[in-house]
Amino acid sequence: QVQLVESGGGLVQAGGSLRLSCAASDRTFSRYVMGWFRQAPGKEREFIATINWSGSSSFYADSVKGRFTISRDNAKNTVFLQMNSLKHEDTAIYSCAAGLGWVATTPGRYDYWGQGTQVTVSS
């Protein structure tokens, strides 16, 4: 069982930046594909970014491409999401997820989820 804990959320003005972290409890963290998703009130969960086990391959949703960067530090069992040029529409609860296999954009491909961290962007 992999436990994931997100941190780094908060309130930021439009145009600002935040860096989210997701710490995993499992020492086999490097085996897992990691993903970030978000869910705004009244909306479905939305894929944001994913990264493969080594960090050599990543993929982004069009809505965040060029503004967000996913990275990982396997020595620290942590995945990051650097968010720049934030917009009001980025406001949501952001969750990280872990799964085995290839990078994936659908929630069903991930086996473990964190509780999420709130990101609020004021316009």
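A few notes on this one:
- Here GLN1 passes the criteria (1) in a loop (DSSP other than H, G, I, E, B); (2) modelled with pLDDT of 95 or more except the one numbered (2).
- Residue within region 96-119 that is free of Cβ contacts under 8 Å to residues at least 40 places away in the same chain and in a strand (DSSP E or B) present: no
- Test result for ALA23, open to solvent by 20 Å² or more (accessible area, probe 1.4 Å), without any contact (Cβ under 8 Å) to a residue 60 or more places away in the chain and not in a loop (DSSP other than H, G, I, E, B): yes
- Region 46-60: number of residues that are open to solvent by 40 Å² or more (accessible area, probe 1.4 Å) and either touching a Gly at 6+ places or on another chain (Cβ under 8 Å) or part of a loop (DSSP other than H, G, I, E, B) (or both): 4
- Members of region 31-45 that are surrounded by 15 or more Cβ atoms within 10 Å (Cβ to Cβ) and among the small types (Gly, Ala, Ser): GLY35
- Number of positions in region 77-95 that are out of contact with any Phe, Trp or Tyr (no Cβ under 8 Å at 6 or more places or on another chain), over 13 Å from PHE37 (Cα atoms) and assigned to a loop (DSSP other than H, G, I, E, B): 3
The values are calculated or read from the model by the stated rules, or taken from the named source; none is laboratory data. Keep in mind it's a predicted model, so treat the numbers as computed, not measured. Counting neighbours? That spans all protein chains shown, and the Cβs are built from the backbone with ideal geometry, glycine included. Remember, those area values only see protein heavy atoms, side chains included, never the ligands or the DNA or RNA. Shrake-Rupley method; radii C 1.70, N 1.55, O 1.52, S 1.80 Å.
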